[in-house]
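Trainee: The structure follows.
The values are calculated or read from the model by the stated rules, or taken from the named source; none is laboratory data. Here the structure is a predicted model, which means the values were calculated and not measured. Cβ atoms come from the backbone with ideal geometry, glycine included; neighbour counts cover every protein chain shown.
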Amino acid sequence: MKNIVLFSILLLLLIACNNNHGLRIVVNKETVCPGDTFIARIYVNHNDSIAPQYFIVIESDTIQFESDPSDNYCGIFRAGSHKIGKKSFNGFVKFLDREDKRQIVEFKLRFEVIPNVDNMSKEL
C-alpha cells in the first residue's frame with residue numbers, strides 16, 4: 001500500500017511539473033474508483049496566450065470543454081468510468097499568442113479506474 005501511495009505522489013509531481021510548451025496539467029488524483037470523477041485542470045501560460053479553447057478527441061469526434069475564468073481561464077476536464085482499467089484521452093488547446101498567431105498544443109490525460117477496495121473487503 002505504501003508503494004502505491006508513493007508511486008501516486010511521484011506521478012502527480014511529474015505531471016504537475018510537466019512543462020509542455022507552456023502547458024501545466026494538475027489532476028485531482030491518478031486513480032479513481034468506479035463512479036468517482038477524475039478532474040484535470042489544464043493551464044496555458046496566461047502571459048503568452050489569449051482566449052484559450054480546450055478540446056478532447058474521442059474516436060472521430062472533437063469535444064470542447066469548459067474553461068474557468070476565475071482561474072486564469074484554465075480548462076477543466078472531468079471524466080469517470082464504471083469499467084476497471086487504464087483510461088487515456090488525447091486533447092489539444094488552441095489560443096492566440098501575444099503576436100496574434102494561432103497556436104495549437106496537444107496533450108494527453110491518463111488515469112486508472114481501480115476496484116473499490118472498501119467494497120471488496122465488506123463483501124469478504
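Trainee: Just to be sure before I move on: is Asp61 surrounded by 12 or more Cβ atoms within 10 Å (Cβ to Cβ), out of contact with any helix residue (DSSP H, G or I) (no Cβ under 6 Å at 6 or more places or on another chain) and either over 22 Å from Thr37 (Cα atoms) or not small (Gly, Ala, Ser) (or both) in the structure I sent?
Mentor: So Asp61 does not fit the description; no.
Trainee: Related question: Applying the selection to segment 95-112, what residues are of a type outside the set (Phe, Trp, Tyr), assigned to a strand (DSSP E or B) and over 16 Å from the mean Cα position of the chain (by Cα)?
Mentor: Within segment 95-112, Leu96, Arg102, Gln103, Ile104 meet the criteria.
Trainee: Can you go through Ile76, Ile114 and tell me which one is surrounded by 10 or more Cβ atoms within 10 Å (Cβ to Cβ) and either at pLDDT 95 or above or closer than 15 Å to Arg24 by Cα (or both)?
Mentor: Residue meeting the stated conditions: Ile76.
Trainee: Something else now. Would you call Gly91 modelled with pLDDT of 90 or more, closer than 20 Å to Lys29 by Cβ and under 18 Å from the mean Cα position of the chain (by Cα)?
Mentor: Yes: the conditions hold for Gly91.
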